[in-house]
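Enquirer: Below is the structure I would like to discuss, written out as structure tokens.
Here, each number is a calculation from the coordinates, and none is a lab measurement. It should be emphasised that the depicted structure is a prediction, and the values quoted were computed from it without experimental measurement. Cβ sites come from the backbone with ideal geometry, for glycine too, and all protein chains shown count toward neighbours.
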Amino acid sequence: MADVVQYKLERMTKELDDLERRGIFSRREIAEIVKQRRKFEYRLKRPSPLKHDYLAYIDFEKSLDALRILRKKAVTRELKKKKSEDGKGVVTKSKQSHSDFAGISRIIETYRLATNRFKGDIELWFQYLEFCRQRRNGHMKKVLAQVIRFHPKVPGVWIYAASWEFDHNLNAAAARALMQSGLRSCPNSEALWVEYLRMELTYLNKLSARRAALGEDVGALVPNRSDPEDKQWRDENKELFMSIDGENEDYKDVENEELKQKIDIFREQGLNILQAVYKSAVEALPSSFSLRTQFLEILEATNLTNSEKMQKEILADMKNEFSKEPAYWDWLAKYEAAGHKSTQDGKKEITTDQLSNAVQVYDEALKIVPSSTMFDLYIKFLMDIIGRNGHSQSSRLSDSSDNYIDPVTHALMIFDKAQSMACISEDLACQHVSFLLQLGRLDDARNLAEKFCNGELSETVNLWVLRLSIEMKRIRTPSKDDLSYLFDLLQNPLRKVSVLQAESLWLMGLKYFLNHKHYFDKLVDISLSSLIRDGGSDDGFSLSSAIINFVLQKNGIQSARDMYKRFFALPRPGLALYRNCIEMELNLASSAGDKKVNLVEARKLYEAALSTYDQDANLWQDYHSMESKMGTSETAAAVDWRARKTLKNNVKLVI
């Protein structure tokens with residue numbers, strides 16, 4: 001290993017001598033560079049080098065090369081300044097030396113070693129490709145061939161390679177061949193099909209723009225009748241015109257009928273390309289909805305012959321294939337609302353006719369797909385419209401029968417329709433109640449929440465939270481009867497729903513009745529029976545811990561201790577309760593009070609927890625850390641010995 005590393009370092013002498021001779025780095029800096037490179041080379045020569053080792057070496061060399069470039073510019077400026085002061089004329093541009101290439105070559109070699117070892121790391125390959133693209137060192141084609149050989153099933157690789165050929169090399173034929181090879185390897189990739197179509201249309205547009213820039217007639221399919229010598233000159237200098245982009249508006253004022261026909265031929269050729277690619281893509285991905293929407297976006301962005309006909313064909317195809325999917329109807333309604341545009345702008349105002357068309361689509365969808373999901377999408381659309389226009393009653397949308405419908409009223413009607421069709425869900429019910437509250441209709445919201453909670457959604461926690469919050473806001477200064485009424489409402493779902501699901505209800509009730517001892521004690525009794533039924537939690541929400549924290553806040557540490565002893569008497573108190581109580585005792589020990597008493601209580605809690613969870617390494621670690629910080633060396637050593645014995649030396653406790 002040492003011989004190989006030394007050999008590599010010796011090969012750097014020419015580069016390092018050149019850096020010192022040109023005044024870019026001092027001798028001390030070069031010694032530090034050698035030291036760092038030796039360290040990285042030894043890391044790479046380990047039996048199992050890590051990916052991080054290669055990337056760290058690459059980052060170091062990139063930073064070093066960037067510093068070299070800056071130092072070189074500074075040295076050049078100083079030399080120019082010195083020459084101008086001496087009156088010796090302008091300094092000629094210095095020739096590139098060995099040090100200008102050595103750093104880049106070393107980075108390339110490190111990338112090569114990294115990708116050879118981690119061939120399956122596609123992110124590493126793309127970093128390699130990006131470096132080659134930015135530095136333009138001539139390795140791009142070789143690296144692309146390698147990554148395609150190792151990752152032929154990754155669509156992004158084919159897209160990257162085709163993009164480089166098309167944009168950098170201006171080689172449309174090679175880009176097309178790569179995309180077609182990618183489609184054969186990954187026929188189920190939406191991105192490949194979409195990018196292939198974009199590339200073909202872009203190339204066709206560039207051909208048209210190039211012919212216009214050259215003064216030729218527009219239309220790739222028209223024979224060229226220009227002068228032979230002029231044609232030869234244009235063919236020899238075609239690279240001068242390759243990157244010029246043109247727009248279809250350039251040809252709007254053309255009055256020559258023959259030229260118009262040639263423009264139509266170009267547009268027709270683009271449509272033929274789109275139809276061919278679309279047909280093949282749909283055959284490969286018959287169940288892809290997003291593929292069709294992306295093709296529709298491309299069609300809308302281009303000016304092709306009979307594009308409306310093709311647009312109708314795609315829409316009809318989508319309706320035949322996805323008429324049972326709520327997502328299709330939601331997209332179609334938003335498509336109508338956007339004025340027959342696939343790209344919807346959320347800030348753009350929607351006209352009354354567009355809203356009317358969208359509502360008609362949703363109404364048709366409810367007849368075909370009567371589901372809670374469809375109602376939910378419908379309501380979200382209407383809420384978005386109401387959010388844009390506010391709660392103003394003047395913002396109206398019209399239907400086909402010239403009846404004017406207020407969006408707010410229409411949303412309420414859809415809520416009622418969902419109930420009548422038995423398509424109401426928990427989310428829809430909560431939205432309905434919340435919407436009534438936003439409109440200021442408190443009594444209607446209260447009655448509706450009561451209806452839901454007494455019906456099919458009686459075990460829905462979020463609805464009970466809404467109902468109780470409405471009642472609590474309504475009763476600002478509760479009497480005894482009000483407290484009894486609220487408690488009866490609260491205990492009904494608490495006895496039915498599991499502890500984990502009713503977390504928000506428990507916290508709401510405990511907070512509300514904290515200052516009412518009679519009802520708080522009743523909640524504690526209900527919690528005991530619920531925890532006997534469901535058991536305590538080892539992580540996450542712990543009802544018993546929440547109650548103890550409320551008791552500690554209200555009555556102090558002694559009452560909290562009495563309370564957690566009641567919970568520890570249950571069959572399965574849960575690890576979360578032990579941890580919460582230990583944390584409470586340690587916080588009190590570190591702040592004020594009798595430190596010894598709190599430490600004794602904490603030890604008792606640890607011992608009780610370990611009697612059930614003796615295989616929990618983290619619990620042993622916490623116990624050992626506590627003894628190391630607050631106990632003695634003997635107690636810490638005793639915990640360490642017990643942990644090793646219990647866990648069979650599979651853990652190493654640290655302070």
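Enquirer: Sort the range 534-655 into rounded, prolate or oblate with this rule: let a ≥ b ≥ c be the square roots of the eigenvalues of the Cα gyration tensor; rounded if a/c is under 1.5, and if a/c is not under 1.5, prolate when a/b is larger than b/c, oblate otherwise.
Expert: oblate
Enquirer: Which residues does the label zone of Ala56 cover in the range 30-45, counting backbone N under 18 Å from a point 7 Å along Cα→Cβ?
Expert: Those under the cut-off are 32-45.
Enquirer: Where in the range 32-58 does the label zone of Glu109 land, with the point 7 angstrom along Cα→C-beta and an amide N cut-off under 12 Å?
Expert: Answer for this model: 41.
Enquirer: Let me ask something additional. Based on alpha-carbon atoms only, what is the radius of gyration of the range 517-557 relative to the globular estimate 2.2 N^0.38 Å?
Expert: Against the compact-globule rule of thumb, the ratio is 1.20.
Enquirer: Modelled label-to-label distance, Asp616 and Arg642, 7 Å Cα→beta-carbon offset: nm?
Expert: 1.5
Enquirer: Pairs of alpha-carbon atoms within less than 8 angstrom and 6+ residues apart define the contacts here; what relative contact order does the chain have, in percent?
Expert: Once normalised by length, the contact order is 4 percent.
Enquirer: Give the span of the range 290-374's Cα atoms along each principal axis, as three whole-Å numbers ordered largest to smallest.
Expert: Taking max minus min along each principal axis of the Cα atoms, the range 290-374 gives 40, 31, 18 Å.
Enquirer: Now for a separate question. So for the pair Asn492, Ala301, with labels modelled 7 Å out along Cα→Cβ, what separation do we get in nm?
Expert: 5.6
Enquirer: Determine which lysines satisfy two conditions relative to Lys81: a Cα distance under 18 Å, and not lying fewer than 8 residues away in the same chain.
Expert: Leaving aside lysines fewer than 8 places away in the same chain, those within reach of Lys81 are Lys72, Lys73, Lys93.
Enquirer: Which Cα, out of Val639, Met310, Ile548, lies furthest along the positive dipole direction of the chain (beta carbon charges, K/R +1, D/E -1)?
Expert: Value computed over the given set: Val639.
Enquirer: Can you tell me the alpha carbon radius of gyration of the chain divided by the globular rule-of-thumb value 2.2 N^0.38 Å?
Expert: Relative to the rule-of-thumb radius for its length, the chain sits at 1.44.
Enquirer: With each pseudo-label sitting 7 Å past Cα toward Cβ, what's the Arg38-Met1 distance in nm, one decimal?
Expert: Here the answer is 1.5 nm between the modelled labels.
Enquirer: Find the Rg to Rh ratio for the range 462-615, where Rh is the Kirkwood radius over alpha-carbon pairs and Rg uses the same atoms.
Expert: With Rg and the Kirkwood Rh in hand, the quotient comes to 1.01.
Enquirer: Given a Förster radius of 22 Å and the C-beta distance between Ile265 and Ser181 as r, what FRET efficiency does 1/(1 + (r/R0)^6) yield to the nearest 0.05?
Expert: With R0 = 22 Å, the Cβ-Cβ based efficiency is 0.15.
Enquirer: Okay, next question. Suppose the chain between Ser163 and Thr13 were pulled fully straight at 0.36 nm per residue; how much longer would it get relative to their current alpha carbon spacing?
Expert: Extra length available between Ser163 and Thr13 comes to 50.0 nm.
Enquirer: What length, rounded to one decimal in nm, is gained on full extension from Glu456 through to Arg198, with 0.36 nm per residue of separation minus their alpha-carbon distance?
Expert: In short, 87.7 nm is gained.
Enquirer: Given R₀ = 25 Å, FRET efficiency for Val600-Ala569 by Cβ-Cβ distance, to 0.05?
Expert: Computed FRET efficiency for Val600 and Ala569 comes out at 0.80.
Enquirer: Between Asn549 and Leu442, how high is the FRET efficiency from 1/(1 + (r/R0)^6) when r is the Cβ-Cβ distance and R₀ = 30 Å? Nearest 0.05.
Expert: Approximately 0.35, to the nearest 0.05.
Enquirer: Considering all projection directions equally, how large on average is the shadow of the alpha-carbon convex hull of the range 105-173, in square nanometres?
Expert: In nm², the orientation-averaged hull projection of the range 105-173 is 4.4.
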